[in-house]
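Enquirer: Take a look at this one; I'll ask things after.
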Amino acid sequence: MHEKIILGIDPGTTIMGFGLIKIVKGEMQFMQLNELILSKYDDHYLKLKQIFNRTLELIDTYHPDEIALEAPFFGKNVQSMLKLGRAQGVAMAAGLSREIPVIEYSPKKIKMAITGNGNASKEQVAKMLQSLLGFKVMPKNLDSTDGLAAAVCHFFNGGSSSKEKKYSGWNAFVSQNPGKIKSKLNFGFVILPCSFLKASLPLL
């Protein structure tokens with residue numbers, strides 16, 4: 001039976017968390033969880049470059065079939081939301097440049113899928129993941145378990161969800177978001193220096 005690998009990512013500008021699971025005969029198998037520390041970089045655009053490059057490295061190393069992203073939480077701080085939106089956009093662009101389907105899930109939906117409570121704490125989510133997947137060491141920072149939770153949420157949703165945003169590739173993203181590409185570039189949600197893309201993405 002076909003095996004599938006899901007990469008889950010919790011994009012952030014301080015820490016990027018990620019986790020990988022393998023689906024074998026309909027059962028989850030834990031692969032790994034880890035984090036990329038970004039707080040040591042002062043330049044925001046350098047952080048974005050690190051997110052893009054690390055995501056590509058994960059893709060090229062583990063060859064995931066699908067990527068599940070935690071969508072940014074909508075808060076009152078506009079500048080924080082702008083930075084989180086950029087981080088998510090960069091991670092998404094990395095997946096789309098490799099033509100890997102990308103699906104977004106809200107934090108509440110991920111928590112609901114893992115614990116049954118949309119308002120669960122990070123600690124509760126992490127403990128439930130440990131119970132489900134059997135990894136022994138709990139990470140110091142729970143951003144990595146948040147990334148893993150996105151992958152598990154995607155599996156629990158049958159590998160896709162019509163209620164969530166799903167993109168099968170860069171062309172699909174463009175076609176499903178007419179009129180948004182230019183505005184996102186103008187307002188900085190997905191500002192990607194040419195060195196990020198290295199000709200991976202088609203020119204618009």
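Any read-out appearing in this document is the output of simple, stated calculations on the displayed coordinates, not a laboratory observation. The structure displayed is predicted, hence computed values, not measured ones. Reconstructed Cβ throughout: ideal geometry from the backbone, glycine too, with neighbour counts over all protein chains shown.
Enquirer: In the range 116-145, how many are hydroxyl-bearing (S, T, Y), under 17 Å from F156 (Cα atoms) and surrounded by 18 or more Cβ atoms within 10 Å (Cβ to Cβ)? Full working, then the answer.
Expert: Step one: of the range 116-145, the residues hydroxyl-bearing (S, T, Y) are 121, 131, 144-145.
With the extra rule that they be under 17 Å from F156 (Cα atoms), the set shrinks to 131, 145.
Next cut, surrounded by 18 or more Cβ atoms within 10 Å (Cβ to Cβ) only: 145.
Selection size over the range 116-145: 1.
Enquirer: What is the number of the single condition among (1) surrounded by fewer than 15 Cβ atoms within 10 Å (Cβ to Cβ); (2) touching a Gly at 6+ places or on another chain (Cβ under 6 Å) that L96 does not meet?
Expert: (1)
Enquirer: So, I9, is that one crowded, with 22+ Cβ neighbours inside 10 Å and closer than 24 Å to F156 by Cα or not? Don't jump to the end; show me each part of the working.
Expert: On the way: crowded, with 22+ Cβ neighbours inside 10 Å: yes; closer than 24 Å to F156 by Cα: yes.
So I9 fits the description; yes.
Enquirer: Filter the range 53-90 down to residues that are part of a helix (DSSP H, G or I) and over 19 Å from F155 (Cβ atoms), then give me how many there are.
Expert: Quick first cut of the range 53-90, residues part of a helix (DSSP H, G or I) only: 53-62, 78-90.
Adding the requirement that they be over 19 Å from F155 (Cβ atoms) leaves 53-57, 60-61, 78-90.
Count: 20.
Enquirer: Now for a different question. Consider M31 against the criteria (1) assigned to a strand (DSSP E or B); (2) more than 22 Å from N157 (Cβ to Cβ); (3) more than 12 Å from the chain's Cα centre (by Cα): it satisfies all of them except one. Which criterion is unmet?
Expert: Answer for M31: the failing condition is (2).
Enquirer: May I pose another question? I'm trying to understand the selection: among the residues of the range 31-81, which are surrounded by 21 or more Cβ atoms within 10 Å (Cβ to Cβ) and under 11 Å from A94 (Cβ atoms)?
Expert: Those that are surrounded by 21 or more Cβ atoms within 10 Å (Cβ to Cβ) and under 11 Å from A94 (Cβ atoms): L48, I51, F52, T55, L58, I67, L69.
Enquirer: Out of curiosity, is Y62 of a type outside the set (V, I, T) and in contact with a Cys (Cβ under 6 Å, 6 or more places away or on another chain)? Spell out how you get there, then give the answer.
Expert: Values: of a type outside the set (V, I, T): yes; in contact with a Cys (Cβ under 6 Å, 6 or more places away or on another chain): no.
So Y62 does not fit the description; no.
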